[in-house]
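Step one of this worksheet: look at the structure below.
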Amino acid sequence: MAFDHLQQMGREVAALWQAVRAIAGEDDDQTVVDTVDGETDAIAALRRTVRLAQEAEANADAARALAQIYAARAKTLDDRAERLRGHAAGFMQEVGEKTLRLPEGTISWRAAGPRLCGVMPSVADLPDDCVKLQRVKHEPSIKAALAEGRTIADLYLSNGGAALTIRRA
(Lines give C-alpha, C1' and ligand atoms only; values in the text may rest on other atoms or scores of the structure.)
Protein backbone atom coordinates (compact mmCIF):
# COMPACT_ATOMS: atom_id res chain seq x y z
CA MET A 1 0.00 0.00 0.00
CA ALA A 2 1.10 3.58 -0.61
CA PHE A 3 0.66 4.42 3.08
CA ASP A 4 2.88 1.53 4.15
CA HIS A 5 5.39 2.94 1.67
CA LEU A 6 5.16 6.33 3.43
CA GLN A 7 6.03 4.72 6.76
CA GLN A 8 8.93 2.87 5.14
CA MET A 9 10.15 6.16 3.67
CA GLY A 10 9.93 7.70 7.14
CA ARG A 11 12.21 4.99 8.51
CA GLU A 12 14.66 5.47 5.64
CA VAL A 13 14.71 9.28 5.91
CA ALA A 14 14.86 9.46 9.72
CA ALA A 15 18.66 9.62 9.96
CA LEU A 16 18.90 12.31 7.26
CA TRP A 17 16.07 14.25 8.90
CA GLN A 18 17.75 14.16 12.32
CA ALA A 19 21.15 15.09 10.90
CA VAL A 20 19.75 18.09 9.03
CA ARG A 21 17.71 19.09 12.08
CA ALA A 22 20.86 19.01 14.22
CA ILE A 23 22.64 21.35 11.80
CA ALA A 24 19.70 23.64 11.01
CA GLY A 25 18.43 23.91 14.57
CA GLU A 26 15.03 23.33 16.16
CA ASP A 27 13.44 26.49 14.71
CA ASP A 28 14.39 26.04 11.05
CA ASP A 29 11.76 23.66 9.72
CA GLN A 30 12.01 25.00 6.18
CA THR A 31 15.70 24.06 5.80
CA VAL A 32 14.98 20.53 7.01
CA VAL A 33 12.01 20.14 4.66
CA ASP A 34 13.88 21.64 1.68
CA THR A 35 16.95 19.45 2.23
CA VAL A 36 14.99 16.22 2.69
CA ASP A 37 12.79 17.15 -0.28
CA GLY A 38 15.86 17.65 -2.45
CA GLU A 39 17.36 14.30 -1.46
CA THR A 40 14.27 12.05 -1.30
CA ASP A 41 10.65 11.68 -2.41
CA ALA A 42 9.47 11.61 1.20
CA ILE A 43 8.15 15.18 1.34
CA ALA A 44 6.23 14.72 -1.92
CA ALA A 45 4.68 11.53 -0.52
CA LEU A 46 3.82 13.28 2.73
CA ARG A 47 2.27 16.23 0.87
CA ARG A 48 0.19 13.81 -1.22
CA THR A 49 -0.99 12.05 1.94
CA VAL A 50 -2.02 15.36 3.52
CA ARG A 51 -3.87 16.38 0.33
CA LEU A 52 -5.68 13.02 0.29
CA ALA A 53 -6.68 13.48 3.95
CA GLN A 54 -7.98 16.98 3.19
CA GLU A 55 -9.84 15.66 0.15
CA ALA A 56 -11.44 12.91 2.25
CA GLU A 57 -12.53 15.48 4.86
CA ALA A 58 -13.97 17.73 2.13
CA ASN A 59 -15.83 14.77 0.61
CA ALA A 60 -17.23 13.84 4.03
CA ASP A 61 -18.42 17.44 4.54
CA ALA A 62 -19.97 17.44 1.07
CA ALA A 63 -21.70 14.11 1.73
CA ARG A 64 -23.18 15.49 4.96
CA ALA A 65 -24.36 18.62 3.13
CA LEU A 66 -25.89 16.50 0.37
CA ALA A 67 -27.63 14.33 2.97
CA GLN A 68 -29.31 17.46 4.36
CA ILE A 69 -30.29 18.59 0.86
CA TYR A 70 -31.63 15.14 -0.02
CA ALA A 71 -33.56 14.91 3.27
CA ALA A 72 -35.22 18.25 2.52
CA ARG A 73 -35.98 17.10 -1.03
CA ALA A 74 -37.43 13.81 0.26
CA LYS A 75 -39.71 15.79 2.63
CA THR A 76 -40.87 17.97 -0.28
CA LEU A 77 -41.60 14.89 -2.39
CA ASP A 78 -43.40 13.14 0.50
CA ASP A 79 -45.57 16.23 0.96
CA ARG A 80 -46.30 16.30 -2.78
CA ALA A 81 -47.27 12.61 -2.75
CA GLU A 82 -49.61 13.25 0.20
CA ARG A 83 -51.29 16.15 -1.64
CA LEU A 84 -51.69 14.04 -4.79
CA ARG A 85 -53.22 11.17 -2.78
CA GLY A 86 -55.62 13.74 -1.37
CA HIS A 87 -56.64 14.78 -4.89
CA ALA A 88 -57.18 11.14 -5.83
CA ALA A 89 -59.25 10.62 -2.67
CA GLY A 90 -61.35 13.67 -3.51
CA PHE A 91 -62.00 12.30 -6.98
CA MET A 92 -62.99 8.89 -5.59
CA GLN A 93 -65.41 10.54 -3.15
CA GLU A 94 -66.87 12.76 -5.85
CA VAL A 95 -67.66 9.85 -8.15
CA GLY A 96 -68.77 7.61 -5.28
CA GLU A 97 -66.35 4.73 -5.85
CA LYS A 98 -64.69 2.67 -3.10
CA THR A 99 -62.28 0.76 -5.35
CA LEU A 100 -60.94 1.46 -8.79
CA ARG A 101 -58.49 -0.70 -10.75
CA LEU A 102 -56.08 1.24 -12.93
CA PRO A 103 -52.96 0.15 -14.87
CA GLU A 104 -50.86 2.06 -12.27
CA GLY A 105 -52.45 0.22 -9.38
CA THR A 106 -55.67 -0.38 -7.50
CA ILE A 107 -56.88 2.51 -5.38
CA SER A 108 -59.42 1.96 -2.69
CA TRP A 109 -60.87 3.42 0.47
CA ARG A 110 -60.26 1.72 3.77
CA ALA A 111 -61.12 2.54 7.33
CA ALA A 112 -58.37 4.64 8.89
CA GLY A 113 -57.59 4.99 12.56
CA PRO A 114 -57.73 8.28 14.39
CA ARG A 115 -54.95 10.79 13.74
CA LEU A 116 -53.19 13.20 16.03
CA CYS A 117 -54.22 16.77 15.33
CA GLY A 118 -53.00 20.06 16.68
CA VAL A 119 -49.51 21.21 17.58
CA MET A 120 -47.29 18.50 19.03
CA PRO A 121 -45.77 19.66 22.34
CA SER A 122 -42.08 19.24 23.02
CA VAL A 123 -40.92 15.89 24.37
CA ALA A 124 -40.27 17.50 27.78
CA ASP A 125 -43.94 18.55 28.00
CA LEU A 126 -45.34 15.08 27.29
CA PRO A 127 -46.20 12.66 30.13
CA ASP A 128 -43.62 9.93 30.77
CA ASP A 129 -45.93 7.19 29.47
CA CYS A 130 -46.23 9.04 26.13
CA VAL A 131 -42.54 9.12 25.25
CA LYS A 132 -40.17 6.42 24.13
CA LEU A 133 -36.87 6.30 25.94
CA GLN A 134 -33.94 5.03 23.97
CA ARG A 135 -30.68 3.82 25.47
CA VAL A 136 -27.72 5.10 23.53
CA LYS A 137 -24.08 5.02 24.49
CA HIS A 138 -22.64 8.32 25.68
CA GLU A 139 -18.88 8.05 25.31
CA PRO A 140 -17.99 11.07 27.50
CA SER A 141 -19.94 9.48 30.38
CA ILE A 142 -18.26 6.13 29.76
CA LYS A 143 -14.81 7.76 29.80
CA ALA A 144 -15.68 9.63 33.01
CA ALA A 145 -16.89 6.43 34.68
CA LEU A 146 -13.73 4.56 33.72
CA ALA A 147 -11.57 7.49 34.87
CA GLU A 148 -13.34 7.31 38.25
CA GLY A 149 -12.29 3.67 38.51
CA ARG A 150 -15.60 2.04 37.66
CA THR A 151 -15.51 -1.23 35.72
CA ILE A 152 -17.40 -1.55 32.46
CA ALA A 153 -17.22 -4.92 30.71
CA ASP A 154 -14.65 -5.12 27.91
CA LEU A 155 -13.71 -1.43 28.13
CA TYR A 156 -10.64 0.38 29.38
CA LEU A 157 -8.96 3.74 28.85
CA SER A 158 -5.83 4.01 26.73
CA ASN A 159 -2.91 6.17 27.73
CA GLY A 160 -3.97 8.73 25.12
CA GLY A 161 -1.02 8.60 22.75
CA ALA A 162 -0.60 11.36 20.18
CA ALA A 163 -2.95 12.90 17.65
CA LEU A 164 -2.00 14.51 14.36
CA THR A 165 -3.43 17.93 13.53
CA ILE A 166 -3.45 19.23 9.96
CA ARG A 167 -4.23 22.93 9.61
CA ARG A 168 -4.92 24.22 6.17
CA ALA A 169 -2.22 26.52 4.78
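The values are calculated or read from the model by the stated rules, or taken from the named source; none is laboratory data. Quick caveat, the model's predicted, so the values are computed rather than measured. Using ideal geometry, Cβ is built from the backbone for each residue, glycine included, and neighbour counts are taken over all protein chains shown.
I want to confirm something. Restricting to segment 22-53 and keeping residues that are among the small types (Gly, Ala, Ser) and assigned to a helix (DSSP H, G or I), which single residue is farthest from Arg167 (Cα to Cα)? Filtering first and then ranking leaves Ala22.
Checked across segment 84-106, the condition of being without any contact (Cβ under 8 Å) to a residue 12 or more places away in the chain, surrounded by 10 or more Cβ atoms within 10 Å (Cβ to Cβ) and either among the basic types (Lys, Arg) or within 30 Å of Tyr156 (Cα to Cα) (or both) holds for at least one residue. Taken as a whole, segment 58-73 holds no residue that is of a type in the set (A, V, I, L, M), out of contact with any helix residue (DSSP H, G or I) (no Cβ under 9 Å at 6 or more places or on another chain) and modelled with pLDDT under 95.
Pairing each residue of segment 118-145 that is assigned to a loop (DSSP other than H, G, I, E, B) with any residue that is not basic (Lys, Arg), provided the two are 6+ apart or on different chains, yields C-beta distances under 8 Å for Val131/Val123.
Entry remark, segment 97-146: residues being at pLDDT 90 or above and touching a helix residue (DSSP H, G or I) at 6+ places or on another chain (Cβ under 7 Å) number 3 in total. Taking segment 27-52 as the range and being touching a residue at least 60 places away in the same chain (Cβ under 8 Å) and over 34 Å from the mean Cα position of the chain (by Cα) as the test, no residue passes. Residue-level analysis places Met1 among those that are within 37 Å of the chain's Cα centre (by Cα), modelled with pLDDT under 90 and exposed (fewer than 10 other Cβ atoms within 10 Å of the Cβ).
Yes or no, residue by residue, for (1) at positive phi; (2) of a type outside the set (A, V, I, L, M); (3) surrounded by fewer than 10 Cβ atoms within 10 Å (Cβ to Cβ):
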| position | (1), (2), (3) |
| --- | --- |
| Arg135 | no, yes, yes |
| Ile142 | no, no, no |
| Leu146 | no, no, no |
| Tyr156 | no, yes, yes |
| Gly161 | yes, yes, yes |
| Arg168 | no, yes, yes |
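So Ala15 ticks every box in (1) farther than 23 Å from Ile166 by Cβ; (2) surrounded by 10 or more Cβ atoms within 10 Å (Cβ to Cβ); (3) of a type in the set (A, V, I, L, M) but one. Which box is left unticked? Just one mismatch for Ala15, condition (2).
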